Amino acid sequence: MTEYMKKMDNPSDSPELRAGKRLKYLLTKKKPLIREDDLLAGTTTTKIKGVVIYPQFMAQALWPELETLSSRKKNPYRISQDEIDTLNFDVFPYWMDRTVQEVCRRDYNNPASLRMMERLVFFLCSKVHVISHTVPDYEVVVKEGLTSIKKKVEEKESQTDFYEAIKMVLEGVITYANKLSKEAESLAEKETDLVRKEELMAINRACQRVPQEAPATFQEALQAIWICHIALHQENNNIALSLGRLDQILYPFYQKEIKEGTLTPIKAVELVGCFFLKLADHVPMVPETGEELFGGSGSNQAITLGGVNPNEEDAVNDLTYIMLKATELLKVRDPNVNARYYPGINPKEYLRRLCEVNITTKATPCFHNDKEVIKTLLAQDYSLSDARDYSIVGCVEPVMGGKTFGHTGAIMLNLTAVLDMALFSGRHRLTEEEQLGPKTPSVSYISTFAEFLSAFKEQLAFLIDQSVELNNILGKTHLKVHPLPLLSAFTENTIKKGKDVLEGGAVYNSSGVAIIGISEVVDSLCAIKEFVFDKKETTFSELITAIEKNWEGQEKLRLKITNSGTKYGTANQEAKKMADYLIDFLHTEYQKRENYRGGRYTVGYWSMTTHAGWGVLTGAMPSGRRNKEVLPSGITPVSGQAPELTEVLRFMAELDKTKMANSHTLNLKYTPMKDPDQMIDNLSASISAYMQMGGLQVQFNLIDRATLIEARDYPERYPNFLVRVSGYTAYFADLNPYMKEEIITRAEYDLKTGKEVE
């Protein structure tokens, strides 16, 4: 890409043409690789498992550590001296002032919102690094093929640069597929093993046909999607570009071949398994500091299984079970498998099978309640058929695949930073005396809880404004620097409108926000109300002194607060009202702000690993939390503060899900039982009851604390040990120490008794 930009790019071309020509050049030059034993051709990088470099985004974050990448303690990257030299002298210098972040800084005069984000502790706007949180329209790829899409573009009366760019990139994908076909043919000619020779010839035939034309077989359909997925990852960062409802999209091919006798279920499991392993051939680029604070995640390519169809009929089919079998056999972190379940419509046998796979893998898939998710999407003006046909993006975020451009991970907001600013009059303890937020009253002059809540809301509204402003200007910069013609080609309505997805070309144009630390903040607000204003057991100033000293000398007060029953995730109505109040405020404030594409902001409560990183950057809190303790994950209660499982499930089920259109992660840990049948019975009953109550989403670690401690202390005994973090699975050994500790200390419940295990 750098070579093209230096030698062939024409700056006088429109951004669309520049993007189209650049991507076509990349795809034309991309090396066609077919690895030993591959049943599907093509690779994301030249490595068996590679790190993709996107210099137009944040690849330069690796620059200071190129020489130490191979030796860093956490998740080292093998890199050759030639590669170091290429990046050091050719690639990174060219892009220094041309990244989305730096162009935005220059165009908008280094805005305060950008400088606030760069402090790391307040919020993150991911458009400096990634915009690919979406589900492309892979159904059109397997139903029609790329030639059909190209023809639709050519039939448009006005042949704009946007349409020209789409034609170019589609031609680039077809050229890459043809190169793969020739490579397979060449390998087949040299192959002496007759079985492998036939496999290579099958790959050759598939790549001659797809994705240019509609596939004829199950293998060709998988190959078509994989080639397009590779191509999209040349254009879009490899984080949360998701695959949608593959058991629905691919089922007609599976069903046809099973009937004809040209495919067996065992062969289908093998092909799906190969596809899953192809998806795992790349990881996101993460610098060392990022690994320390937020590391361990894969590319979070979500696949969605089960649920209902647009007519609200059971959509679970034989291919659903094939994909669950591949998940169970491989136990890989990518793809991120998400299971939809509609109580009363999907069969109970399906729920039991989901539980069985969860018990085997210990962490996947996660569960979504169709009935409630559909309600949340209807509240965002989705059509009924589209709401019923939703797919999951990245961690847990629901969208209509191929119709929504939602960038569901656009903003991550640290709610504990808002509380810090309210406690210290618009300053954060890490920024010392710098006045970043509005100057709200000192706690010494606050006489009622309502006054403090007003200060909290003022700081929160300020950070919401800052995060929205930055997301919007980064979005406009992205369109200027890096339009997305290929993703636009795989998104419905863009060709009709003649608009890139970054201009609002999709049917649905939302932006997603993830709120981190809600349970910690609810517990802290409840503690302030109860102990400062209601019971008057301490003054506000004394409470501030206590948290500034990390509770030193105030252990009696700290224990009183932590042992109070006014806690998020319990039956306490005061805590429930506080949670409802915050969720309503966040939803209302974000929804009334428009994004740069004319859409709305949707709020969710999932944290990836940011709750670990931000916990390290967070001081002691009024809840009794000590300095640098890991924050609770997603929407989950603070560990140790909600000891009754039934109360936790009811608390979550009663929250207003229509105000969580970007979903949430409820992360629970259950002690495994010796009898696997009893474990399936209890787990499925628990999930069913939660969903009948109205629960939106839930996911599990089915691992006891002792096993996790052993895996931490003796990692060599637990290679590729899979755990559920917050919306995705990760290999336990890849996580930073803070994240490991959070999963170890995360509340563990006994399914027999419904009590938290001490």
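A few comments on the model shown:
- If you filter the stretch 556-565 down to residues that are touching a residue at least 12 places away in the same chain (Cβ under 8 Å) and farther than 22 Å from Ile446 by Cα, you find that the one that is most open to solvent (accessible area, probe 1.4 Å) is Lys560.
- Residue in the stretch 143-160 that is closer than 20 Å to Leu40 by Cβ and either open to solvent by less than 30 Å² (accessible area, probe 1.4 Å) or more than 29 Å from the chain's Cα centre (by Cα) (or both) present: yes
- Residue match in the stretch 650-661 (condition: more than 23 Å from the chain's Cα centre (by Cα) and not aromatic (Phe, Trp, Tyr)): yes
- Test for Leu384: is it open to solvent by 10 Å² or more (accessible area, probe 1.4 Å) and modelled with pLDDT under 95: no
- Considered as a group, the residues in the stretch 742-758 that are in contact (Cβ under 8 Å) with a residue 60 or more places away in the chain and of a type in the set (D, E, K, R) include one that is surrounded by the most Cβ atoms within 10 Å (Cβ to Cβ), and that residue is Glu742.
- A Cβ distance below 6 Å, combined with a sequence gap of six or more or placement on separate chains, defines the contacts here; from the stretch 582-608, residues that are under 15 Å from Asn662 (Cβ atoms) reach residues that are part of a strand (DSSP E or B) and among the hydroxyl-bearing types (Ser, Thr, Tyr) in the pairs Tyr590/Tyr601; Arg593/Tyr601; Asn595/Ser511; Tyr601/Ser511.
- Annotation note: of Gly613, Gly619, the sole residue that is open to solvent by 10 Å² or more (accessible area, probe 1.4 Å), out of contact with any Pro (no Cβ under 6 Å at 6 or more places or on another chain) and among the small types (Gly, Ala, Ser) is Gly619.
- Tally, over the stretch 26-73, of residues that are in contact (Cβ under 8 Å) with a residue 60 or more places away in the chain, among the small types (Gly, Ala, Ser) and open to solvent by 20 Å² or more (accessible area, probe 1.4 Å): 1
- Of all residues in the stretch 327-363 being out of contact with any Ser or Thr (no Cβ under 8 Å at 6 or more places or on another chain) and among the hydroxyl-bearing types (Ser, Thr, Tyr), the one that is farthest from Phe732 (Cα to Cα): Tyr342
- Test: residue in the stretch 507-520 that is part of a loop (DSSP other than H, G, I, E, B), open to solvent by less than 10 Å² (accessible area, probe 1.4 Å), under 29 Å from Ile561 (Cβ atoms) and modelled with pLDDT of 95 or more: yes
- Any chance Ile528 is open to solvent by less than 20 Å² (accessible area, probe 1.4 Å), within 20 Å of Leu430 (Cα to Cα) and part of a helix (DSSP H, G or I): no
- Any pair with Cβ under 8 angstrom, 6 or more apart, that starts in the stretch 234-252 at a residue that is closer than 18 Å to Tyr54 by Cα and ends at one that is open to solvent by 20 Å² or more (accessible area, probe 1.4 Å) and charged (D, E, K, R): Gln234/Lys30
- Selection status of Lys669, surrounded by 16 or more Cβ atoms within 10 Å (Cβ to Cβ), free of Cβ contacts under 8 Å to residues at least 60 places away in the same chain and either of a type in the set (Lys, Arg) or outside any helix (DSSP H, G or I) (or both): no
- When restricted to residues that are open to solvent by 10 Å² or more (accessible area, probe 1.4 Å) and under 23 Å from Pro637 (Cα atoms), the stretch 535-555 contains 2.
- If you go through the stretch 141-161 and keep only what is under 23 Å from His229 (Cα atoms), small (Gly, Ala, Ser) and in a loop (DSSP other than H, G, I, E, B), you end up with just Gly145.
- Pairs, first over 30 Å from Ala202 (Cβ atoms) in the stretch 156-184, second of a type in the set (Asp, Glu) and open to solvent by less than 10 Å² (accessible area, probe 1.4 Å), C-beta under 8 Å, six or more apart: Phe162/Asp500
- Glu629 satisfies every condition listed in (1) modelled with pLDDT of 95 or more; (2) open to solvent by 10 Å² or more (accessible area, probe 1.4 Å); (3) out of contact with any Phe, Trp or Tyr (no Cβ under 8 Å at 6 or more places or on another chain) except (1).
- Qualifying residues in the stretch 309-362 (those that are in a helix (DSSP H, G or I) and charged (D, E, K, R)) - the one most open to solvent (accessible area, probe 1.4 Å): Lys348
- Among the numbered conditions (1) under 30 Å from Val399 (Cβ atoms); (2) open to solvent by 10 Å² or more (accessible area, probe 1.4 Å); (3) without any contact (Cβ under 8 Å) to a residue 60 or more places away in the chain, the only one that Ala653 does not meet is (2).
- Exactly one residue out of Leu460, Leu474, Leu479, Leu525 is within 30 Å of Gln56 (Cα to Cα), touching a residue at least 60 places away in the same chain (Cβ under 8 Å) and out of contact with any Cys (no Cβ under 6 Å at 6 or more places or on another chain): that is Leu479.
- Leading residue by the ranking (surrounded by the fewest Cβ atoms within 10 Å (Cβ to Cβ)) among those in the stretch 689-741 that are without any contact (Cβ under 8 Å) to a residue 12 or more places away in the chain and among the charged types (D, E, K, R): Glu716
- Those residues of the stretch 450-475 which are buried (at least 17 other Cβ atoms within 10 Å of the Cβ), under 24 Å from His129 (Cα atoms) and out of contact with any His (no Cβ under 9 Å at 6 or more places or on another chain), in sequence order: Phe462, Leu463, Ile464, Gln466, Ser467, Val468, Glu469, Leu470, Asn472, Ile473, Leu474
- Count of residues meeting criterion [in a loop (DSSP other than H, G, I, E, B), under 14 Å from the mean Cα position of the chain (by Cα) and either of a type outside the set (Val, Ile, Thr) or buried (at least 24 other Cβ atoms within 10 Å of the Cβ) (or both)] in the stretch 126-140: 5
- Pick from the stretch 717-754, criterion assigned to a helix (DSSP H, G or I) and within 21 Å of Thr327 (Cα to Cα), ranking: modelled with the highest pLDDT: Phe732
- Condition met for Ser186 (of a type outside the set (A, V, I, L, M, F, W, C), open to solvent by less than 30 Å² (accessible area, probe 1.4 Å) and farther than 21 Å from Asp500 by Cα): no
- Residue within the stretch 182-190 that is within 30 Å of Pro485 (Cβ to Cβ) and touching a Ser or Thr at 6+ places or on another chain (Cβ under 6 Å) present: no
- Conditions (1) assigned to a helix (DSSP H, G or I); (2) under 28 Å from the mean Cα position of the chain (by Cα); (3) crowded, with 23+ Cβ neighbours inside 10 Å; (4) of a type in the set (A, V, I, L, M, F, W, C); number of the one not met by Ala575: (2)
The values are calculated or read from the model by the stated rules, or taken from the named source; none is laboratory data. Just so you know, these numbers come straight off a predicted model, no measurement behind them. FYI the Cβ positions are ideal-geometry reconstructions off the backbone, even for glycines, and counts take in every protein chain you see. We work out accessible area using only protein heavy atoms, side chains counted, and drop any ligands, DNA or RNA first. Shrake-Rupley method; radii C 1.70, N 1.55, O 1.52, S 1.80 Å.
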